[in-house]
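Q: Before we start, here is the structure in question, set down as structure tokens.
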């Protein structure tokens with residue numbers, strides 16, 4: 001009954017052939033790339049860029065984006081190796097089950113559930129805000145009593161309900177809608193980039209790296225943990241400002257890991273998953289760099305409106321009507337983010353239920369849709385209620401800490417699995433192992449230290465609840481604990 005018992009790669013792959021607990025293989029490399037772009041590019045491209053440029057890096061925010069992309073790529077290639085080697089639904093949960101043991105797998109699965117459900121709730125509320133703004137620009141007023149910030153955020157609820165039904169209908173149908181929305185989103189982003197280029201003034205790029213100065217600091221529970229532990233004070237501009245900017249824009253890249261949750265549904269996972277993960281990250285990097293060049297070229301960095309950078313930039317050159325296009329882009333962008341996060345939450349929970357760490361009935365798939373319909377409806381209902389009835393926006397940093405914790409554990413797992421199972425066929429491998437995986441883990445943990453103390457306290461509370469569920473239910477009901485239920489034999493403790 002060791003809590004560090006591992007589930008072999010062969011057992012994980014064999015479980016995907018279980019008829020009533022298996023998912024249909026419908027996704028191509030293009031589907032996975034679009035899926036990744038859909039979840040990575042949200043409203044952040046319209047907001048985070050301006051905030052980081054105005055407060056931390058100035059025009060050198062371009063370098064911050066490249067540094068952030070490099071750091072994110074370290075984790076991405078670790079995910080690509082694992083997802084192509086273990087093409088099973090569940091992402092980091094499945095990877096850690098095969099390497100670090102059941103208790104670690106449970107922790108990361110519980111952590112991913114927090115990241116994906118809370119993330120979709122937060123983004124649904126953001127979508128609601130942009131949706132109402134978009135309607136206002138079209139001359140339609142949404143009632144304040146059932147709008148963003150009210151006791152019932154009806155637009156957020158309706159969005160989640162519609163997307164939940166779509167996800168339950170089937171992954172291929174979801175991908176078709178995602179493809180259309182991503183196309184709309186990319187068109188608007190490219191339109192904004194090319195429209196803004198004609199208003200760029202090269203003088204605004206000087207100085208490219210503004211002189212360093214003390215950055216905004218926080219106190220009490222709002223202070224970053226690294227500031228309390230080591231006395232490191234935040235800095236704006238200069239070299240340290242570029243690093244601080246990279247810490248902020250790093251979160252604009254988060255989402256590629258959700259691609260790994262669909263590994264079991266890829267037609268050719270060994271080839272398509274690395275392509276989907278790396279291609280989506282590369283495309284988004286190019287777009288982010290282009291947007292940052294446009295914003296800092298149109299407006300001097302110290303005059304950028306951190307809250308609405310692109311809209312205010314176009315207003316400053318007499319193109320206020322473009323703000324409507326920006327709002328439309330945000331609505332389309334956030335729709336795809338909510339949908340992909342919902343899919344990710346369902347797939348991770350599905351994998352945990354199939355291993356009986358959660359009630360196994362949740363892992364039953366419909367013969368008609370090939371999806372776990374009951375589980376999808378439960379996850380969707382929970383997200384709809386959280387998004388529409390709670391001020392969950394205050395917990396946005398919880399999504400970041402959950403994501404970074406998953407990145408850290410996956411990075412550590414790569415060299416461990418290389419040592420334990422050198423015989424496994426790997427169609428994609430992380431170069432310079434174990435140096436790059438360890439570097440990825442260090443970078444991700446460093447970014448976790450930059451989050452506030454109150455975020456860490458909430459994270460610890462969530463983890464304590466997870467341990468209670470594991471020791472009261474999951475440890476006893478796990479497939480590895482009760483033996484062979486579906487052709488599996490109990491694993492020996494490592």
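The values are calculated or read from the model by the stated rules, or taken from the named source; none is laboratory data. In this text the structure is predicted, and so the values were computed from the model without any measurement. Virtual Cβ from ideal backbone geometry, glycine too; neighbours counted across all protein chains shown.
Q: Starting from residues that are surrounded by fewer than 22 Cβ atoms within 10 Å (Cβ to Cβ) and in contact (Cβ under 8 Å) with a residue 60 or more places away in the chain, keep the ones in the range 150-164 and report whichever is nearest to residue 28 (Cα to Cα).
A: Of everything passing the filter in the range 150-164, 161 is nearest to residue 28 (Cα to Cα).
Q: If we scan the range 81-90, do we find a residue that is at pLDDT 85 or above and at negative phi?
A: The answer is yes, given that some residue of the range 81-90 is at pLDDT 85 or above and at negative phi.
Q: Right, next: Mind checking which residues of the range 342-382 are free of Cβ contacts under 8 Å to residues at least 24 places away in the same chain and closer than 18 Å to residue 119 by Cα?
A: 378
Q: Okay, next question. From the list 108, 103, which one is touching a helix residue (DSSP H, G or I) at 6+ places or on another chain (Cβ under 9 Å), at pLDDT 90 or above and in a helix (DSSP H, G or I)?
A: The match here is 103.
Q: Considering only residues that are out of contact with any helix residue (DSSP H, G or I) (no Cβ under 8 Å at 6 or more places or on another chain) and in contact (Cβ under 8 Å) with a residue 12 or more places away in the chain, which ones fall in the range 392-430?
A: 418
Q: Identify, by number, the condition in (1) part of a loop (DSSP other than H, G, I, E, B); (2) under 22 Å from the mean Cα position of the chain (by Cα) that residue 432 doesn't meet.
A: It is condition (2) that residue 432 fails.
Q: Would you confirm whether or not the range 228-238 contains a residue that is surrounded by fewer than 17 Cβ atoms within 10 Å (Cβ to Cβ), out of contact with any helix residue (DSSP H, G or I) (no Cβ under 9 Å at 6 or more places or on another chain), farther than 25 Å from residue 33 by Cα and free of Cβ contacts under 8 Å to residues at least 40 places away in the same chain?
A: Within the range 228-238, the subset surrounded by fewer than 17 Cβ atoms within 10 Å (Cβ to Cβ) is 228-233.
From what is left, the residues that are out of contact with any helix residue (DSSP H, G or I) (no Cβ under 9 Å at 6 or more places or on another chain) are 231.
Still in the running and farther than 25 Å from residue 33 by Cα: 231.
Checking the rest, the ones that are also free of Cβ contacts under 8 Å to residues at least 40 places away in the same chain come to 231.
Checked against the condition, which is being surrounded by fewer than 17 Cβ atoms within 10 Å (Cβ to Cβ), out of contact with any helix residue (DSSP H, G or I) (no Cβ under 9 Å at 6 or more places or on another chain), farther than 25 Å from residue 33 by Cα and free of Cβ contacts under 8 Å to residues at least 40 places away in the same chain, the range 228-238 yields at least one hit.
Q: Give the range 476-485 a look and list any residue that's in a helix (DSSP H, G or I) and crowded, with 19+ Cβ neighbours inside 10 Å, or say none.
A: 479, 480
Q: On the basis of being part of a helix (DSSP H, G or I), touching a helix residue (DSSP H, G or I) at 6+ places or on another chain (Cβ under 7 Å) and within 30 Å of residue 468 (Cβ to Cβ), does residue 132 make the cut?
A: Here the answer is no, as residue 132 does not meet what is asked.
Q: Just a yes or no: is a residue in the range 439-455 surrounded by 15 or more Cβ atoms within 10 Å (Cβ to Cβ), in a loop (DSSP other than H, G, I, E, B) and touching a strand residue (DSSP E or B) at 6+ places or on another chain (Cβ under 6 Å)?
A: Within the range 439-455 (the criterion being surrounded by 15 or more Cβ atoms within 10 Å (Cβ to Cβ), in a loop (DSSP other than H, G, I, E, B) and touching a strand residue (DSSP E or B) at 6+ places or on another chain (Cβ under 6 Å)), the answer is yes, since at least one residue qualifies.
Q: Let me ask another. On the given criteria, is residue 92 touching a strand residue (DSSP E or B) at 6+ places or on another chain (Cβ under 9 Å), in contact (Cβ under 8 Å) with a residue 40 or more places away in the chain, buried (at least 24 other Cβ atoms within 10 Å of the Cβ) and within 30 Å of residue 13 (Cα to Cα)?
A: no
Q: For the range 180-192, enumerate the residues that are in contact with a helix residue (DSSP H, G or I) (Cβ under 7 Å, 6 or more places away or on another chain) and either free of Cβ contacts under 8 Å to residues at least 60 places away in the same chain or surrounded by fewer than 16 Cβ atoms within 10 Å (Cβ to Cβ) (or both).
A: Let us first name the residues in the range 180-192 that are in contact with a helix residue (DSSP H, G or I) (Cβ under 7 Å, 6 or more places away or on another chain), namely 181-182, 184-185, 188-189, 191-192.
Correct list: 191 only.
Q: Still on this structure: Could you figure out which of (1) closer than 13 Å to residue 95 by Cβ; (2) out of contact with any helix residue (DSSP H, G or I) (no Cβ under 6 Å at 6 or more places or on another chain); (3) free of Cβ contacts under 8 Å to residues at least 60 places away in the same chain isn't true of residue 438?
A: (1)
Q: Would you please name the residue that is modelled with the lowest pLDDT, looking only at residues in the range 201-257 that are over 21 Å from residue 291 (Cα atoms), more than 29 Å from the chain's Cα centre (by Cα) and assigned to a loop (DSSP other than H, G, I, E, B)?
A: 231
Q: I would also like to ask the following. Hey, any hits in the range 262-276 for a residue that's closer than 22 Å to residue 183 by Cβ and surrounded by fewer than 23 Cβ atoms within 10 Å (Cβ to Cβ)?
A: Yes.
Q: Show me the helices (runs of 4 or more DSSP H) found entirely inside the range 308-410 where at least 3 residues are within 20 Å of residue 264 (Cα to Cα), within 22 Å of the chain's Cα centre (by Cα) and at pLDDT below 90.
A: It comes to 322-354.
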